[in-house]
């Protein structure tokens, strides 16, 4: 790889210049005023790929286009699919940005701009590593496909349709995604598990209108009383979820995972201070990291009903509402949960109340086998790129598209996070470390070599 | 009484016009934006009394003013104190009103407006009966004092202070209050028992800002989960309240009361239909009327927290809020409940949550002796005014000030209800029957005669 290393060194400034050019395009997918900007970002990606000589296609959708590109097939080597997104979160509140969100600005070794970390900067590391192979070595040691969408921040609806309609186009052995974080500075991470989600809305209807709680209280079922009782029944004081069968298919944490989590430099007291809480709580017999990454949860996300204004109004309300969600871990089945939850809530719904349970979206959890040869390859590549061995972590949030890739492409997924937890990815002053940008390009370059050495059946 | 009857007949339209004028003033005591309107209603009352030649005073307080008026003393006759209130409940939800809450509108023999029944319309019957005596008969057969406050819907705090500071001003033999309901149309009632109330607001504080429920869920105590659990713990599935000692001093229903309640023509199926519910529920082993009138309750009046907008937001909220209240019966002590409740909720508040419990207002329950001569006088007056004998009932609502009157003035209290249970007093489309408005004025006119005949020791 000496010529490649030389190329990376020589192109240092140019790589940053290219990233800045992409960051100047305000490709805010959620805001229809930016539809033209989103397309400009897609066109910019197309030019990157065609300049490299890859075959490239701008796939039109009902929304923002998807950029697909690929290098030639390589006999005997696995096919890698790089997923990323060129759209960004809205930048507001604008007045909290120190430098404008779409004028990339260098400060303290970071590049500040909306999308710097999520996901333009991280995604571009894989484009630049491919450039380095092609320019320095004249070719790639394996076939690489890129699928770079413009709707990640608004639910990936059209990419899901493409995945269903044309799975062959995305066929691969391994999916590479850089849209997560390192565990900390100098602690690059391979995220090998994500939680899934099942999100619900519960509406309880009691008397046809609000009643006087003095005249009617005690004899008419109060929807808010029913709501409190039904929600409270879903979880016990030990943090154990009471939906029948909820834990039946949960893959337990292995002893080695638990030891590995316990060995991570996680400062619980600092964590509490950051959140402004005096104590933490959760499922009995599990540590904080285990609770956040690898155990299922029940969280009420919102409630409303009755009188919420100033002072005391003695009302027995007509309706009560809640939004709540479960985080799921492998191998919990959202459909099975849905059935059991409906049955449980219907049984718990008291006389005089009718209930409506709306299911918002669901995705199962996701776990890569740590023994996978692809994980081994990524581990070695990261050691070369960063100079540190990666840690193996899980993440409590959900990236629904990742689960869909894993399930429908039957491929392992490598979540290689070059960002940091404090990159402000959905907040003002988003940033990305420039050192980590270059480390990511180097790690990605070595990843193609390591992956190409895996024998394909 | 012939001249008086004539006067009532002649003033029919004017009485209604006066009521509409008062109802057009949005005197919402709970909403500080309406402070000026509340005062306008007080001024309107002052003008009514001064126009009658009564001695009148607008008593300033820390909150809304109290209107006091009185006629001259009458040797040998008892002194009657009429209590009422000129403030009203908030009108929301506004979009459920058929005609605007502060534009009194006649429909089907009723007058629709916030405060029509509670309490402007009912209270005004006693003002108009005094007017009739003064205009038709040239004087009153007994001394009548009026105390009309502007804070009944927010706890009567300043009237309580006045009662403590200047009991002599309100000294009387009997208190007359029309702020309750008939048992049904054509079934005027003397209400001989009221429930008390203890109203609370609970605020739970968790992390210092809203968190991502994926990244933090399961490890950080969710204030909404805590809220559901704490509220649900206050009552069991048999409708029994779980605050320690809650039932210790409850005066049980007597067998004769239970028989009398059971004999009332109460159609439970019609009641359900009116409310739009398929079933009723409440404390085990009690009938619906017993549950509404003579047993204590726990009702959640409002809850809010987290995401309440469209779609799914995966938030672990920073805060959770509830308003809830207990209805109390004789001889439960609000102070004892307060102590036990605080202790119970503090014990139930999970790690990572700080709680704030705000007590809004409290009053014990109340019972009048049915053998009182004042009850006999009111019974005869109602027969004259309505053409029907009254039934003797209890009421689930609270008029905290009534309990205080009874206790501190050592007077009997006559609760003479001219309203109806379906007057929507704390709901949209509040109304008052115009026939009953005039019957009330007539009954009140006869009440002054009947009361004046009671010999005073």
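When the square roots of the Cα gyration tensor eigenvalues are ordered a ≥ b ≥ c, the ratio a/c for region B:400-443 is 1.5 or more and a/b does not exceed b/c, which makes its shape oblate.
Note on region B:320-419: Rg/Rh from Cα positions, Kirkwood definition for Rh, rounded to two decimals, is 1.15.
Over all distinct Cα-Cα pairs of region A:167-217, the Kirkwood formula returns a hydrodynamic radius of 17.6 Å.
The angle separating the long axis of helix A:334-348 from the principal Cα axis of greatest extent in chain A is about 10 degrees. Sorting B:346, B:212, B:85, A:321 from the fewest to the most surrounding beta carbons within 10 angstrom yields B:346, B:212, A:321, B:85. Rg of the Cα atoms in region A:114-156, relative to 2.2 N^0.38 Å, amounts to 1.40.
Counting every Cα pair in region A:48-177, what percent are over 21 Å apart? So the portion of pairs separated by more than 21 Å is 47 percent. Over all Cα atoms in region A:366-457, the spread is summed up by Rg and Dmax: 14.5, 47 Å. Contact order, relative form, for chain B: 26 percent (alpha carbon pairs under 8 Å, 6 or more residues apart, mean separation divided by residue count). Among A:423, A:436, A:267, a tally of other beta-carbon atoms within 10 Å of each Cβ gives an order, fewest to most, of A:267, A:423, A:436. All alpha carbon pair distances within region B:82-153 were sorted into 10 Å bins beginning at 0; the resulting P(r) in whole percents reads 18, 38, 28, 13, 3. A Stokes-Einstein calculation at 10 °C with viscosity 1.306 mPa s, built on the Kirkwood radius of the protein assembly as shown over Cα pairs, returns a diffusion coefficient of 50 µm²/s. Using the rule -39500 (n - 2.57) for each DSSP H run of four or more residues, divided by the residues of the protein assembly as shown, the 222 nm mean residue ellipticity is -10500 deg cm²/dmol. Calculated on the Cα set of region B:1-62, radius of gyration then Dmax: 14.9, 47 Å.
With the simple spin-label model, which puts each label point 7 Å out from Cα in the Cβ direction, the residue B:356 to residue B:24 separation comes to 4.1 nm. Per-residue packing, averaged as other Cβ atoms within 10 Å, sorts the ranges B:245-254, A:287-296, B:386-395 into the order A:287-296, B:386-395, B:245-254, beginning with the highest.
DSSP beta bridges fully contained in the protein assembly as shown are about 70 percent antiparallel.
Pair-distance distribution of region A:164-255: all C-alpha pairs, bin width 5 Å, starting at 0; shares per bin in whole percent are 2, 7, 10, 11, 11, 11, 12, 10, 8, 6, 5, 4, 2, 0.
Spread over its residues, the convex hull of the C-alpha atoms of region A:262-332 is 157 Å³ per residue.
Under a plain spin-label model, where a point goes 7 Å from the Cα along Cα-to-Cβ, how far apart in nm are residue A:455 and residue B:10? Each label point is offset 7 Å from its Cα along the Cβ direction, giving 11.7 nm. The equivalent ellipsoid that matches the C-alpha gyration tensor of region B:1-114 spans semi-axes of 28, 22, 11 angstrom, in descending order.
Summarising the label geometry, the points placed 7 Å from Cα in the beta-carbon direction at residue B:259 and residue A:154 lie 7.4 nm from one another.
Pairwise alpha-carbon distances in chain A exceed 32 Å for 45% of all pairs. Compared with the dominant principal axis of the Cα atoms in chain B, helix B:434-452 is inclined by about 60°.
Normalised by residue number, the volume inside the convex hull of the Cα atoms of region A:197-299 is 164 Å³ per residue. Would you work out if region B:63-118 is rounded, prolate or oblate? Take a ≥ b ≥ c from the square roots of the eigenvalues of the alpha-carbon gyration tensor; rounded if a/c is under 1.5, else prolate when a/b is larger than b/c, oblate otherwise. It comes out prolate by the Cα gyration axes. Across region B:177-205, the residues whose backbone nitrogen lies under 13 Å from the label position 7 Å along the beta-carbon direction of residue B:251 are B:192-196.
Values in this text are rule-based calculations from the coordinates and carry no lab data. Owing to the predicted nature of the structure, the values given are computational and were not obtained by experimental measurement. Positions of Cβ are backbone-derived with ideal geometry, glycine not excepted, and every protein chain shown enters the neighbour counts.
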